[in-house]
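Each remark here refers to the structure printed beneath this line.
The values are calculated or read from the model by the stated rules, or taken from the named source; none is laboratory data. Only a predicted model underlies this, so the values are computations on that prediction, with no experimental measurement involved. Please note: Cβ atoms are built from the backbone with ideal geometry, for glycine as well, and neighbour counts cover all protein chains shown. We work out accessible area using only protein heavy atoms, side chains counted, and drop any ligands, DNA or RNA first. Shrake-Rupley method; radii C 1.70, N 1.55, O 1.52, S 1.80 Å.
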Amino acid sequence: MDYENNSWIWEGVNYYPRVFGGLMVTAALLGLSTSYFGGIGVPYLSLPCSWSNLGIFHKKKSGKRRIRVYMDGCFDLMHYGHANALRQAKALGDELVVGLVSDEEIVANKGPPVLSMEERLALVSGLKWVDEVITDAPYAITEQFLNRLFHEYKIDYVIHGDDPCLLPDGTDAYAAAKKAGRYKQIKRTEGVSSTDIVGRILSSLRDQKNCDDHNGTEVKPQEENQSQASHIAQFLPTSRRIVQFSNGKGPGPNSRIVYIDGAFDLFHAGHVEILKRARELGDFLLVGIHSDETVSEHRGNHYPIMHLHERSLSVLACRYVDEVIIGSPWEITNDMITTFNISVVVHGTVSEKSLNCELDPYEIPKSMGIFRLLESPKDITTATVAQRIMANHEAYVVISLTQLFFFFRFCFLNI
């Protein structure tokens with residue numbers, strides 16, 4: 001109807017405001033939102049025109065532009081600290097654009113990367129908070145690149161952690177962004193760093209070598225305890241952090257639940273790709289993460305490198321994962337399949353070898369006809385990543401000492 005033909009409504013509003021107000025309260029109590037009055041009738045109340053035609057109850061469309069934030073990094077040896085930084089960055093805007101520093105820039109400023117650009121891209125793109133990735137980003141944000149961010153990518157703010165990021169000459173890599181007034185800072189995640197992980201890997205490989213040198217002789221408990229204590233993480237897990245990383249959503253009543261398990265140690269591109277492939281087989285991906293004790297039992301006392309809650313956060317940060325079982329059993333049981341309503345159990349063709357091969361952990365799902373072997377898209381494993389670290393060890397030592405020098409120089413000049 002036209003507005004002219006509904007003049008009686010407006011007269012009613014003028015002469016009987018309380019009646020009209022009462023109608024509005026009644027409508028609200030019936031659960032009607034003023035944003036959706038159009039096309040929805042009130043039970044037992046016939047109105048001569050739709051609410052949308054009145055025009056006065058329309059929810060105003062916000063003309064506010066979405067805030068785009070930018071955060072860059074090497075993201076080599078991706079860990080939950082990186083994921084938490086990107087989570088915090090996303091919270092400062094609506095869309096998160098991540099700049100991935102090129103291999104050449106990493107070599108020039110930090111030494112040879114452990115992971116290739118392709119592998120690092122798979123890891124960053126696989127994070128649930130990332131909306132867009134710029135490859136081959138520069139290590140230092142120059143005014144020229146800053147203008148490109150502002151105009152080409154429509155970036156509002158550049159984000160970085162509260163730890164100093166210095167160039168080889170000791171200058172601040174984010175000086176240009178700070179000068180432009182478009183810089184925001186987030187809190188660094190304590191208890192983990194790429195340098196710390198490199199140290200754990202080297203310690204783990206030394207432990208393995210020492211065990212091999214014993215040539216089958218029994219290792220003393222004291223030596224074993226010292227070995228395990230040499231790479232204990234400083235990370236203190238909290239329920240709040242787990243909630244921050246979790247989707248907070250369960251499966252629907254008719255969801256096809258896919259289950260995959262593993263250690264997921266040193267979370268890498270191979271993990272991301274197999275999780276993506278597993279997720280494509282159903283509506284809900286449940287990931288079982290083996291306990292530290294289980295991993296040590298099947299892979300040796302020098303594993304895992306990352307501890308249970310660290311590994312859990314890395315997996316939870318992946319966009320393809322819906323839920324995790326923290327400390328899942330090695331063997332998949334009937335009770336477990338029933339409890340979690342698992343439709344299909346999958347495993348990749350590429351995985352770490354177990355020291356105990358007597359028991360097939362997938363015997364029950366195989367007997368039920370719900371097991372499926374997935375072709376792993378990548379042949380990278382935790383062991384191959386650790387071997388790359390060992391091969392580049394001398395270069396890491398030189399670069400770490402250089403960075404330490406410039407860090408103390410920076411701190412001294414800013415006292």
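Condition first: surrounded by 10 or more Cβ atoms within 10 Å (Cβ to Cβ) and among the hydroxyl-bearing types (Ser, Thr, Tyr). Now tell me which residues in segment 239-252 satisfy that.
Ser246
Can you find a residue that is assigned to a loop (DSSP other than H, G, I, E, B), modelled with pLDDT under 95, touching a His at 6+ places or on another chain (Cβ under 8 Å) and among the hydrophobic types (A, V, I, L, M, F, W, C) anywhere in segment 76-95?
Looking for residues that are assigned to a loop (DSSP other than H, G, I, E, B), modelled with pLDDT under 95, touching a His at 6+ places or on another chain (Cβ under 8 Å) and among the hydrophobic types (A, V, I, L, M, F, W, C), one finds at least one in segment 76-95, hence yes.
Which residues, taken from segment 95-124, are within 18 Å of the chain's Cα centre (by Cα), touching a residue at least 24 places away in the same chain (Cβ under 8 Å) and closer than 19 Å to Ser194 by Cα?
Val98, Gly99, Leu100, Leu115, Glu118, Glu119, Arg120, Ala122, Leu123, Val124
With respect to Thr333, is the statement that it is more than 21 Å from Thr238 (Cβ to Cβ), at pLDDT 95 or above, among the polar types (S, T, N, Q) and open to solvent by less than 40 Å² (accessible area, probe 1.4 Å) true?
Working: more than 21 Å from Thr238 (Cβ to Cβ): yes; at pLDDT 95 or above: yes; among the polar types (S, T, N, Q): yes; open to solvent by less than 40 Å² (accessible area, probe 1.4 Å): no.
Here the answer is no, as Thr333 does not meet what is asked.
Within segment 147-166, which residues are within 19 Å of Cys74 (Cβ to Cβ) and either outside the structural domain of Val97 (by the TED database) or free of Cβ contacts under 8 Å to residues at least 60 places away in the same chain (or both)? Break it down into steps so the answer makes sense when it comes.
Going residue by residue through segment 147-166, those that are within 19 Å of Cys74 (Cβ to Cβ) are 149, 158-166.
Once the filter is applied, which keeps residues that are within 19 Å of Cys74 (Cβ to Cβ) and either outside the structural domain of Val97 (by the TED database) or free of Cβ contacts under 8 Å to residues at least 60 places away in the same chain (or both), segment 147-166 yields Asp162, Asp163, Cys165.
I'd like the full set of residues that are hydrophobic (A, V, I, L, M, F, W, C) and open to solvent by 20 Å² or more (accessible area, probe 1.4 Å), limited to segment 146-169. Full working, then the answer.
Residues of segment 146-169 that are hydrophobic (A, V, I, L, M, F, W, C), as a first pass: 146, 149-150, 155, 158-159, 165-167.
Correct list: Phe150, Cys165, Leu166, Leu167.
So which residues in segment 271-292 are small (Gly, Ala, Ser) and open to solvent by 10 Å² or more (accessible area, probe 1.4 Å), if there are any at all? Don't jump to the end; show me each part of the working.
So the first thing to find is which residues in segment 271-292 are small (Gly, Ala, Ser), and the list is 278, 282, 288, 291.
Hits for segment 271-292 are Gly282, Ser291.
I need the full set of residues from segment 102-132 which are over 30 Å from Val243 (Cα atoms) and not in a helix (DSSP H, G or I), in order please.
Ser102, Lys110, Gly111, Pro112, Pro113, Val114, Ser116 - these are the residues of segment 102-132 that are over 30 Å from Val243 (Cα atoms) and not in a helix (DSSP H, G or I).
Among (1) open to solvent by 20 Å² or more (accessible area, probe 1.4 Å); (2) assigned to a loop (DSSP other than H, G, I, E, B); (3) within 17 Å of Glu105 (Cβ to Cβ), there is one condition Thr135 misses while meeting the rest; what is its number?
Single failed check for Thr135: (2).
Starting from residues that are of a type in the set (Gly, Ala, Ser) and either free of Cβ contacts under 8 Å to residues at least 12 places away in the same chain or within 15 Å of Gly262 (Cα to Cα) (or both), keep the ones in segment 338-352 and report whichever is surrounded by the most Cβ atoms within 10 Å (Cβ to Cβ).
Step one: filter segment 338-352 for residues of a type in the set (Gly, Ala, Ser), giving 343, 348, 351.
Adding the requirement that they be either free of Cβ contacts under 8 Å to residues at least 12 places away in the same chain or within 15 Å of Gly262 (Cα to Cα) (or both) leaves 348, 351.
Working: Gly348: 20, Ser351: 14.
Checked segment 338-352; the qualifying residue surrounded by the most Cβ atoms within 10 Å (Cβ to Cβ) is Gly348.
Of the residues in segment 353-387, how many are assigned to a loop (DSSP other than H, G, I, E, B), at pLDDT below 95 and open to solvent by 60 Å² or more (accessible area, probe 1.4 Å)?
Qualifying residue count, segment 353-387: 6.
Condition first: under 30 Å from Leu308 (Cβ atoms) and modelled with pLDDT of 50 or more. Can you find one or more residues in segment 51-71 that meet it? Even if it seems obvious, please write down each step before you answer.
Taking segment 51-71 as the starting set, the residues that turn out to be under 30 Å from Leu308 (Cβ atoms) are 71.
Those still in the list that are modelled with pLDDT of 50 or more too: 71.
Yes, there is a match, as at least one residue in segment 51-71 is under 30 Å from Leu308 (Cβ atoms) and modelled with pLDDT of 50 or more.
So which pairs qualify, if the first residue must be in segment 178-203 and touching a residue at least 40 places away in the same chain (Cβ under 8 Å), the second must be among the hydroxyl-bearing types (Ser, Thr, Tyr) and assigned to a helix (DSSP H, G or I), the Cβ gap must be under 7 Å, and the two must be at least 6 apart or on different chains?
Cβ pairs passing all conditions: Val192/Tyr80; Thr195/Ser400; Val198/Tyr396.
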